[in-house]
Structures are given as C-alpha cells and as structure tokens.
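A.B. asks: The structure that follows is given in the form of structure tokens.
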Amino acid sequence: MKNTLGIEQKFAYAKEKYEAIGVDVDNALKQLKGISLSLHCWQTDDVTGFENSNAQLSGGIQATGNYPGKARSIDEVRQDIEKVATFLPGNHRLSLHAIYGDFGGKKVDRDQIEPEHFQSWIDWAKANNLKLDFNSTSFSHPKSGDQTLSHRDKTIRDFWIEHTIRSRRIADEMGKQLGSKACHNLWVHDGQKDMTVDRFLYRSYLKDSLDQIFAYKFENVKDSVECKLFGTGLESFTAGSHEFYMGYAVQNQIMATLDLGHFHPTEEIYDKISSLLLYTPELLLHVSRPVRWDSDHVVVLNESVIMLAQEIVRANALNRVNVGLDYFDASINRIGAYVIGARATQKAFLQALLEPINMLRKYEANGQYFERLALLEEAKALPWGDVYDYFCYINHVPVGIEFISEINEYEKQVTSRRI
C-alpha cells in the first residue's frame, strides 16, 4: 500500500482545488460508489461458455489471442471474478450469457434452458454480494447461421423465440432472488454478407419475433435490445440496426443498448444519450473500445469513454443508465484486462462527477462561451487522479499501479497452472 499519509495529503489538496470552483468532492465520491458496473463473464474464457468443451465461435464473434490461463470451468470463472472484485472499489454486478449455465455435463439445448441451470450462479452471487444480469445467446450454435429471429424458416425463428423467452425467465428469477432487477440484453447477429434485396422482409420477421418474446411480462427484468452497424461476414445488411431497435425501444418502452463498438468508427454515442432518455425509461451501455471495427479491445480512459460519462452526469441520468462492460481480449492477462477496463470506466465517471457543472451551466446560460471553454479545458488538469487514489484507499483496494504486482502473483499461483 502506498504511503497513506501521502494519499490523504494529496486528496486534501485536490479537494481544496475542486471546492474553489464549486465542486463537492465528497458527494462525487458518494455518487461514484453508487455506480455498479456490470462485469462481463466472457472476458474470463474468451466467450466459450459451458455448453460443450469444443465450442466454436460464430455469428461474428471472435476472441483474438492465445494468452495462457483462461478459465476452463465455472469454478475458475468464479475464482477469477472474485479476484477481479478485490481490485475494484464499490459494489458491482456480473453479466452472464446463456451459454454459461451450470449444465452438469449434460447437453441442454438453448430452447430448453431453465432457471435451475443458473441457480448455482444465483447462490454464488448472493454469497459474494453481487447482482446478476443476463443475455440470450444467438451465436455459436448449429441453428445460428446468418439469421436467427429474422430467419425465413419459421421453425428456426420459433427455436430462438423460445430460447429468448426462457432467457428472460432466468433473468427474472435472478432479479427476484437477488432483490435487484436483472437487465436482460437481446442481441442477435442477423444479417447478410452481400447485397440484400428483402431487407423489409427480414426486419418484419425480426419485429414479429420480438413481439412474441416481449408478450411475456416479467416483473424483475429490465429488457433491452442491442443494435449493431455490421457483423463480420455479414457486412452488407444488419437486421437489428440502430434505427430498427431505437424505434422498437421507443414504441415498446424498453431499453436500447448502446455499445461503443456498434456504430460507425467516426460516430460517438454520447450524443445519443439525452435524445433516447427523452423517449425511453432507461438505457443500457456496453462500454468497449473499437479499433477500426467492433474489435472489443480493453476499455481505456479515452475521449469516447470520458464524453459518455460526462453526458450521463450532465443529464442527471445516473439512475437511468445501466453501465455494462463488453470486451474480450485473449492477447493479454485476462484479469489485468478486466481491471484496466473497469477502473478506466470508473475514472471516466469520476472526472464527470468532478466537473464544475454549476459554473459551466451558468456560463452557458449567460452566453459566456469563452469562459465555458476555458473552464472545461482547465478542469482537465485538475488533480482527479489523486481523488481516485483516495477512493481506492478508503475502499480498501490497491491504489495506483499496486494491482499489477498482485495480478502477476495471481498469475503465478493460479492461472499459469491452467494447462
């Protein structure tokens, strides 16, 4: 642990600097602690899951790299998540895909999954002070192909409709037992590789499938639908585009999921926040980092993530936005990737919470645009890093780069022995 006196002294200085421009640092830290990130279980095992040991990714899903030590069982996934939690200040959630069920070595097809296959996850989450979220899984299955819920074949559509209804039922049981509504995210890869003529037909099928799925009401679920620009091998047409799901979410008053990697490379999603919140009850975010395409790189503290957090805080929407992580990097230490991305996301929200928003709003209302821009620029250099160090310190997690040596030791003692 760093010198605690130094941490406290730096925090006191930082607090003084922020208070001089009207920022309540203690309140910012209180709000930050209330932001529960939904950690994504698939970072631990490269989106393999536990349906069978020879799973092959498909549907545009690809984890690149072969860094040793990935989780090979439910116990190892849980072991890794528990370790990650020791590096993150605050209380967080875990997002599961349907392929991560506790199937006991039995073959359970996706239209047959039940809450019982996830009861051990619920019990584990309760024991570890975690809440759970859930995702139906349309990819990596013999019936996936290029389309699922938008397929021309009704029997294929019916299979995936049943799977998704059952997934929502599982999410409902998670929310009920854990006392916190579970976000259920629906994303399907449906599309076509080349010039597509019957776009309206496929989207009509997708809408009809969604209507059947959401005809079932569950009290403990927050439903969300996730768009995408395109998928690998499905570059020319995506049935579930942003416009499609935005319209569906607004019409049916459910959440839209905004993934940082699911839009054009030059398009930022922060500006969509205030628009969608005027028409939908809540939003779900998948914080990721695209590199030229939806490559799901580890989240870093870049401008996209900072602007995203700023827009949420400026809109007073922390209680209406659910924040999930979504990346799967198999080229570096997976635990390290988890921690880097989660802490980067927290840092972005801390910076947003430390903005001198009252003074900025005053300048804007008065048409003082020079002063507004000057203050925005000066705020970038304020000692927010010392505030984050203090946040880690008072929450009893490693400060600064201390987590690096601890993760290296975990690798030495645990993950390097997974052969």
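The values are calculated or read from the model by the stated rules, or taken from the named source; none is laboratory data. Just so you know, these numbers come straight off a predicted model, no measurement behind them. In this analysis, Cβ positions are derived from the backbone assuming ideal geometry, glycine residues included, and neighbour counts consider all displayed protein chains.
A.B. asks: Quick check: anything in the stretch 186-209 closer than 23 Å to LEU325 by Cβ, at pLDDT below 95 and either surrounded by fewer than 21 Cβ atoms within 10 Å (Cβ to Cβ) or β-branched (Val, Ile, Thr) (or both)?
C.D. replies: Residues of the stretch 186-209 that are closer than 23 Å to LEU325 by Cβ, as a first pass: 186-189.
Okay, now just the ones that are also at pLDDT below 95, so none.
So far as the stretch 186-209 goes, no, none of its residues is closer than 23 Å to LEU325 by Cβ, at pLDDT below 95 and either surrounded by fewer than 21 Cβ atoms within 10 Å (Cβ to Cβ) or β-branched (Val, Ile, Thr) (or both).
A.B. asks: Do we find that GLY336 is at pLDDT 95 or above, assigned by TED's automatic domain parsing to the domain that holds VAL77, small (Gly, Ala, Ser) and touching a Lys or Arg at 6+ places or on another chain (Cβ under 9 Å) in this structure?
C.D. replies: Numbers: at pLDDT 95 or above: yes; assigned by TED's automatic domain parsing to the domain that holds VAL77: yes; small (Gly, Ala, Ser): yes; touching a Lys or Arg at 6+ places or on another chain (Cβ under 9 Å): no.
Spelling it out, it is not the case that GLY336 is at pLDDT 95 or above, assigned by TED's automatic domain parsing to the domain that holds VAL77, small (Gly, Ala, Ser) and touching a Lys or Arg at 6+ places or on another chain (Cβ under 9 Å).
A.B. asks: Residues in the stretch 376-384: is at least one in a helix (DSSP H, G or I), within 18 Å of ILE35 (Cβ to Cβ) and in the same structural domain as LYS17 (by TED's automatic domain parsing)?
C.D. replies: From the stretch 376-384, those in a helix (DSSP H, G or I) are 376-379, 384; that's our starting set.
Those still in the list that are within 18 Å of ILE35 (Cβ to Cβ) too: 384.
Next, only the ones that are in the same structural domain as LYS17 (by TED's automatic domain parsing) stay: 384.
Yes; the residues of the stretch 376-384 include at least one that is in a helix (DSSP H, G or I), within 18 Å of ILE35 (Cβ to Cβ) and in the same structural domain as LYS17 (by TED's automatic domain parsing).
A.B. asks: Still on this structure, please answer the following. Those residues that are out of contact with any Gly (no Cβ under 9 Å at 6 or more places or on another chain), within 23 Å of LEU132 (Cα to Cα) and touching a residue at least 24 places away in the same chain (Cβ under 8 Å), I need them from the stretch 21-40; list them, please. Before the answer, list the steps.
C.D. replies: Of the residues in the stretch 21-40, the ones out of contact with any Gly (no Cβ under 9 Å at 6 or more places or on another chain) are 21-31.
From what is left, the residues that are within 23 Å of LEU132 (Cα to Cα) are 30-31.
Within the stretch 21-40, just GLN31 meets the criteria.
A.B. asks: Taking into account only those residues within the stretch 321-375 that are in contact with a helix residue (DSSP H, G or I) (Cβ under 7 Å, 6 or more places away or on another chain) and without any contact (Cβ under 8 Å) to a residue 40 or more places away in the chain, which is nearest to GLU16 (Cα to Cα)?
C.D. replies: Going through the qualifying residues, I end up with LEU360.
A.B. asks: Does ALA63 fit the bill of being under 18 Å from the mean Cα position of the chain (by Cα) and either modelled with pLDDT under 95 or in the same structural domain as ARG418 (by TED's automatic domain parsing) (or both)? Before the answer, list the steps.
C.D. replies: Working: under 18 Å from the mean Cα position of the chain (by Cα): yes; either modelled with pLDDT under 95 or in the same structural domain as ARG418 (by TED's automatic domain parsing) (or both): yes.
Criteria met by ALA63.
A.B. asks: Across the stretch 219-268, what is the total count of residues that are exposed (fewer than 14 other Cβ atoms within 10 Å of the Cβ), farther than 18 Å from THR148 by Cα and touching a Lys or Arg at 6+ places or on another chain (Cβ under 8 Å)?
C.D. replies: Of the residues in the stretch 219-268, 2 are exposed (fewer than 14 other Cβ atoms within 10 Å of the Cβ), farther than 18 Å from THR148 by Cα and touching a Lys or Arg at 6+ places or on another chain (Cβ under 8 Å).
A.B. asks: Also: If a residue counts only when it is within 23 Å of TRP160 (Cβ to Cβ), free of Cβ contacts under 8 Å to residues at least 60 places away in the same chain and under 19 Å from the mean Cα position of the chain (by Cα), which helices (runs of 4 or more DSSP H) contained entirely in the stretch 171-281 have at least 1 such residues? Full working, then the answer.
C.D. replies: Working: elements: 199-214, 242-252, 270-277.
Counting at least 1 such residues, we get 242-252.
A.B. asks: Tell me, yes or no, whether the stretch 219-232 has at least one residue that is out of contact with any strand residue (DSSP E or B) (no Cβ under 8 Å at 6 or more places or on another chain), in the same structural domain as PRO142 (by TED's automatic domain parsing) and at pLDDT 95 or above.
C.D. replies: First, pick out the residues of the stretch 219-232 that are out of contact with any strand residue (DSSP E or B) (no Cβ under 8 Å at 6 or more places or on another chain): 219, 232.
Applying the additional criterion that residues be in the same structural domain as PRO142 (by TED's automatic domain parsing) yields 219, 232.
If we keep only those that are at pLDDT 95 or above too, we end up with 219.
Yes: one or more hits.
A.B. asks: Of everything in the stretch 282-306 that's at pLDDT below 95 and among the acidic types (Asp, Glu), which residue is nearest to the chain's Cα centre (by Cα)?
C.D. replies: ASP296
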